[in-house]
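Only one structure is covered here, and it is reproduced in the block below.
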């Protein structure tokens with residue numbers, strides 16, 4: 001059996017071969033958000049340590065949380081959490097054998113990306129408006 005020389009054979013499909021689509025973006029984002037949640041957990045643990053050390057240690061962090069940059073970071077952490085959780089639910093649905101069709105998979109990927117952007121905004125509205133309409 002004749003085969004192509006090693007240098008001409010593709011190793012595996014990669015981003016230069018595959019056309020971008022929502023399920024591909026959701027898969028990559030799921031991995032990235034997993035790393036982001038790990039880093040957020042480490043930051044949360046550091047926050048708890050500073051809290052335990054007293055007001056002198058915690059004061060600068062409190063100022064950071066109330067700045068626009070800190071608020072943006074908190075929005076990002078909640079967006080990452082919302083995306084990762086919604087995509088986890090999507091995978092649980094897939095485990096039941098449903099919604100594997102390309103259109104359904106793409107629609108659910110677009111939906112969870114929307115959820116990841118809308119959930120922090122909705123939480124912010126609830127927290128700042130106190131549940132008032």
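Nothing in this text is a laboratory measurement; each read-out follows from the coordinates by a stated rule. Everything quoted here is computed from the prediction, not taken from an experiment. Here Cβ is always computed from backbone atoms with ideal geometry, including for glycine, and neighbour counts include all displayed protein chains.
Given the conditions (1) closer than 15 Å to residue 29 by Cβ; (2) out of contact with any helix residue (DSSP H, G or I) (no Cβ under 8 Å at 6 or more places or on another chain), which single one is not true for residue 129? Status for residue 129: all satisfied but (1). Which of the residues that make up segment 88-106 are outside any helix (DSSP H, G or I) and in contact with a helix residue (DSSP H, G or I) (Cβ under 9 Å, 6 or more places away or on another chain)? Those that are outside any helix (DSSP H, G or I) and in contact with a helix residue (DSSP H, G or I) (Cβ under 9 Å, 6 or more places away or on another chain): 98, 99, 100. Does segment 94-107 contain at least one residue that is under 24 Å from residue 43 (Cβ atoms), surrounded by 16 or more Cβ atoms within 10 Å (Cβ to Cβ) and under 19 Å from the mean Cα position of the chain (by Cα)? Among the residues of segment 94-107, not one is under 24 Å from residue 43 (Cβ atoms), surrounded by 16 or more Cβ atoms within 10 Å (Cβ to Cβ) and under 19 Å from the mean Cα position of the chain (by Cα), which makes the answer no. The set of residues in segment 67-87 that are loosely packed, with under 13 Cβ neighbours inside 10 Å and assigned to a helix (DSSP H, G or I) comprises 68, 69, 72.
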